[in-house]
Each structure stands twice: as structure tokens, then as C-alpha cells.
Amino acid sequence: MVTVGFIRGVALGLPRTEERLVRERVTFRVGRIVYLAVAADELSMGFGFPKEERAGLVAAEPEKFFLPRESDMRFHWVRGWLAALDEEETRELVVEAWRMCVPKKVSALVP
């Protein structure tokens, strides 16, 4: 199971990332754009993900991923269960969500 500490270590290692606590949820953002939020109970996380690809992700691995609540469907966002994710996969999800928020020249700084 992935922990908030692991997620924090990955996210805060990315340029321009800030951590904030919003409504008891740990969030990570670039400027005003939140790209990752861990639920208050620390059982799941929401992260930036292309809208056009999220249905496929959820259909392919419903034990890991689920759609956000209806009010968040307008955003590029999907959710995942921390207990079902491993560290390598989580690192990739965090970095790719971050890439959606930064200029290409900043994104190029992270392999």
C-alpha cells in the first residue's frame, strides 16, 4: 500500500509543487492548479488524468481506479485506491498528473 508520505516525497520533488491542506485533504498543486489530492481518510487519491482516457483506465482496472464524483467529472481527474497501487505505478501517476500542469520546458527537467 502506498502512503501519504511516499506520495509527498514524489510530489515535493517536482519543480513548482506546493503542498496544502484543504478540507482535511492533502493536496499538491502548481500555482492554482491542483494535480493531486489525497482523501482525508488516506484510502484514496484523486489525480490529474486526461478526460478522454479515464473511462478506459477505470474499465481496464476497476479494482484500482474509479471515476470522481459527478461534480468533478468536468475536470481532468480520476481516483485510485492507495491499497491497490504500488510505488512505481504511483510515482508514474503523480509525475504524469504534474506534467499536465507545467510548461513543457519545466516538464523536461524530470525524466
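Throughout, read-outs are computed from the coordinates displayed, never taken from laboratory work. Given the structure is predicted, the values throughout are model-derived calculations rather than measurements. Cβ placement follows ideal geometry from the backbone for every residue including glycine, while neighbour counts extend to all protein chains displayed.
Out of all the residues in segment 36-57, is one or more touching a Phe, Trp or Tyr at 6+ places or on another chain (Cβ under 9 Å), surrounded by 12 or more Cβ atoms within 10 Å (Cβ to Cβ), charged (D, E, K, R) and more than 23 Å from M1 (Cβ to Cβ)? Yes, the conditions are met somewhere in segment 36-57. The residues on offer are V34, V95, and the sole one that is within 25 Å of P111 (Cβ to Cβ) and in contact with a strand residue (DSSP E or B) (Cβ under 6 Å, 6 or more places away or on another chain) is V34. Checking each residue in segment 15-35 for being closer than 17 Å to E96 by Cβ and more than 13 Å from the chain's Cα centre (by Cα) picks out P15, R16.
Residues in segment 9-32 that are surrounded by fewer than 17 Cβ atoms within 10 Å (Cβ to Cβ) and assigned to a helix (DSSP H, G or I): how many? Residues meeting the conditions: 1. Those helices (runs of 4 or more DSSP H) of segment 33-111 in which at least 2 residues are touching a residue at least 12 places away in the same chain (Cβ under 8 Å) and of a type in the set (V, I, T), considering only elements entirely within it, cover 87-99.
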